[in-house]
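What follows is a set of notes on a single structure, which appears directly below.
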């Protein structure tokens with residue numbers, strides 16, 4: 001709501017509702033895409049800001065924890081450069097808890113679209129679910145929740161595959 005009030009009403013930088021500007025016929029696909037992205041910015045920013053702080057803090061703490069390990073001290077003692085140590089040794093191990101957290105937060109973001117799309121009047125699955133709740137459309141709600149469940153399963157599956165790439169000790173058998 002604060003983004004709508006500040007960026008939509010006070011500064012009049014971003015549109016306050018919808019996915020496209022009404023009653024405008026764009027001559028190019030690029031103009032249409034820019035208008036859609038312009039309308040998408042505030043809802044996407046809202047969904048991003050709700051979880052970016054937790055990811056930042058975990059990234060920082062995980063990296064500090066990994067940089068304090070013995071094998072990092074050994075790499076420094078060998079004379080390897082700091083950026084080389086971070087890229088080749090520390091980053092992979094520090095990313096493991098972050099991948100897990102991002103997969104967990106993805107479920108919150110996917111279900112958070114219900115509220116964000118309702119507030120911004122952005123047409124999507126979240127607004128569809130909100131309208132279905134108001135209309136008591138239970139078959140539509142079941143389908144939407146099934147869609148959300150499959151999306152969360154897909155995100156967790158991708159996180160498991162990334163986990164295998166980052167840590168060779170974790171392999172499916």
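Residues are listed down the side, and each one gets a yes or a no for (1) exposed (fewer than 15 other Cβ atoms within 10 Å of the Cβ); (2) modelled with pLDDT of 70 or more; (3) touching a helix residue (DSSP H, G or I) at 6+ places or on another chain (Cβ under 8 Å):
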residue	(1), (2), (3)
1	yes, no, yes
4	no, no, yes
9	yes, no, no
12	yes, no, no
16	no, yes, yes
22	yes, no, no
30	yes, yes, no
37	yes, yes, no
42	no, yes, yes
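Residues that are closer than 30 Å to residue 144 by Cβ and in contact (Cβ under 8 Å) with a residue 60 or more places away in the chain number at least 2 in the following helices (runs of 4 or more DSSP H) confined to segment 19-126: 29-67, 91-120. Scan segment 155-164 and tell me whether some residue there is within 15 Å of the chain's Cα centre (by Cα) and surrounded by 16 or more Cβ atoms within 10 Å (Cβ to Cβ). Among the residues of segment 155-164, at least one is within 15 Å of the chain's Cα centre (by Cα) and surrounded by 16 or more Cβ atoms within 10 Å (Cβ to Cβ), which makes the answer yes.
Looking at this structure, is residue 54 surrounded by 12 or more Cβ atoms within 10 Å (Cβ to Cβ) and within 30 Å of residue 17 (Cβ to Cβ)? Taking the combined requirement at face value, the residue satisfies it.
The values are calculated or read from the model by the stated rules, or taken from the named source; none is laboratory data. None of these values were measured; they are calculated from a predicted model. Here the Cβ is made from the backbone with ideal geometry for all residues, glycine too, and neighbour counts use every protein chain on show.
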